[in-house]
1. Restricting region A:1-28 to residues that are within 14 Å of chain B (Cβ to nearest Cβ) and assigned to a loop (DSSP other than H, G, I, E, B), which is surrounded by the most Cβ atoms within 10 Å (Cβ to Cβ)?
2. Got a sec? Which of A:356, A:283 is loosely packed, with under 12 Cβ neighbours inside 10 Å and closer than 30 Å to residue A:240 by Cα?
3. Would you confirm, using the coordinates I've provided, whether residue A:198 is over 14 Å from residue A:155 (Cβ atoms) and either modelled with pLDDT of 90 or more or touching a helix residue (DSSP H, G or I) at 6+ places or on another chain (Cβ under 7 Å) (or both)?
4. Quick one: is residue A:254 assigned to a loop (DSSP other than H, G, I, E, B) and modelled with pLDDT under 90?
5. If you go through region A:263-274 one residue at a time, do you hit one that is under 17 Å from residue A:369 (Cα atoms), modelled with pLDDT of 85 or more and part of a strand (DSSP E or B)?
6. Looking only at region A:372-401, which residues are over 21 Å from the mean Cα position of the chain (by Cα) and more than 25 Å from residue A:295 (Cβ to Cβ)?
7. In region A:156-173, how many are under 13 Å from residue A:209 (Cβ atoms), out of contact with any strand residue (DSSP E or B) (no Cβ under 6 Å at 6 or more places or on another chain) and surrounded by 19 or more Cβ atoms within 10 Å (Cβ to Cβ)?
């Protein structure tokens, strides 16, 4: 018998019918000679509704009480899913995070998993039970329930798979992971497999189905993570260790981010104190600066371009005005009509010329790159928003995504 | 500092506004130099909604999973009430039943409290915190959450008051306990106090605000239980040890039950085997026989009258038909238009003539008694339904309720 950890998200257990469908899928897997551990999220919008209720009562609710409140959503799902399995003639048993010993550390509402006691899980599996575990929650040293923050249930599932030395299957509302968003490029191909590193880059670029934490954990323990549809019975995508020197694709994915603005400041006196003080103002307002490029100094003056989230435009404007008042000789330019286009691929490491090919295809389509940054397996560039559709299509086509 | 245990029911915490009102009441009490432990039920109809959801998924859900499901309602209330108190500037901390060590035994969905660990409660009170505890739930030896069945939150509150040697205040949607239902007799007086025994009789007669379990517990530990309105600031009723030989009221309460039918069987052969077999049929169908009266045998034949719940009329008819087929000489009479009128009072023990006075006042009002049963502190009789209003008023007036 092989253990498998499955995870179903809130949409997948959002109604009585959907819970019953999930139960059927679990039973199918069990009949295939598997021992099954299932992690579930709260039903549909339960968590959102509870958050609203809390804020109606207290605009800054205690995080300990918030965790207690939010952890109820998963308790409801696990008991209902167990009941559904039992009504179909299968023995199932549910456990909360604290009950199964998912020990966490760190602050309430964003705790991190320290360890999991597998005794009860293995005992129940050996009694031929399907084990249903509440995602998103654990317990701290005070014996208080904690929650794991964004992507929490994915993290619970992967962590369980890690300690049980089992593969993890994440069932969600997409059919797998695509190199490029099918809404942008309908001919997009679903990936059969993707490496942890590529998935991490794609997730942090906003293109990911899964939260980076879960992928990091999978990478650390070398746990295979399958991402597939909870509705349709089609093969999904496996996230696993990247194969070195593989001959395949140089580029695995393309991502586009349209929620950025680009700010350029010209003729700043070349003085590290000025530059650092400037960026400190942004950090102070919790504005997340993404790409930064700085020109080499000419006549003691430099130009700096950087991107920031569009939603921070007002705060950014205030900082820029104050900065300009202090340094009247500088020039400030804000460009709101930009997009950040990124290509990701572990193959870049071994295959040369990916950047050249990428830049050439943009040039062939008359697309200007306003800024460029790169990592070992990623190239990002800022382009004009008007060019974004043709850029995505051309890249997807050129790299056969 | 004196510890007080307060309990607020589901209606009292049924909305954001009501939770805030409850928080205000708690703070008021705390300012009166009290250390407060609060027990809350699930908000409004939460528990009913969860039960419906469970039955939609599984017509006979596992009781263990049912307990997990239903115990979420109180977890939501305790966290929201803590948040409300915190938003008003008071330190509050919530605990679930399992977390505070409310140890239970017995079956899921109807567990009984075995003991409570007061360490965390006393520690938190000494840190000047208001302690909010989830009612209706505990934990069994398997470390699984359990629920206490009907009247569970009242039982939790009284049990906590018992182990903390504190009085218990039950806040509810009535202003206290009345000797007679104010809806039947608008001039009804609210009782200042009532004994555990009287309250138990009244509760089992369907007239009680509180579940008998909680009252039994209070009686065992001699814990004073206050019942008062959660909405209006008026004195309620105290349930406490009855004072022996007290001069006061002979009758504390009147109750009326209109959901009974009376069945009379004439000319049954006087044979214990026949009688016991007959009642065994009813027990077999889980029909709860209440009052039974049997006449002395004449010519080897007896008459038996008894009452049963109206809802069991169909099943009762089947049993009676089968019985008549076997014993064609008997006569069967079913009277659906009856009411059970009861008077309860610890004073009956020490004051003679209560029964005589009661029977006389019925006679004065031309009300026939079709059956009578008595206990040490209660007299119940079956009357015709048409007489019920005048009977309640006349009794309430005669005994100054």
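The values are calculated or read from the model by the stated rules, or taken from the named source; none is laboratory data. From a predicted model like this one, the values you see are computed outputs, not experimental measurements. No Cβ is skipped: glycine too gets one built from the backbone with ideal geometry, and neighbour counts run over all protein chains shown.
1. A:13
2. Exactly one residue qualifies, and that residue is A:356.
3. Here the answer is yes, as residue A:198 does meet what is asked.
4. no
5. Yes, region A:263-274 has at least one match.
6. A:386, A:388, A:389, A:390, A:393, A:394, A:395, A:396, A:397, A:398, A:399, A:400
7. 1
Here's the yes/no breakdown for (1) within 14 Å of chain B (Cβ to nearest Cβ); (2) assigned to a helix (DSSP H, G or I); (3) more than 18 Å from the chain's Cα centre (by Cα):
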| position | (1), (2), (3) |
| --- | --- |
| A:155 | no, yes, no |
| A:160 | no, yes, yes |
| A:166 | no, no, yes |
| A:171 | no, no, no |
| A:186 | no, no, yes |
| A:199 | no, yes, no |
| A:217 | no, yes, no |
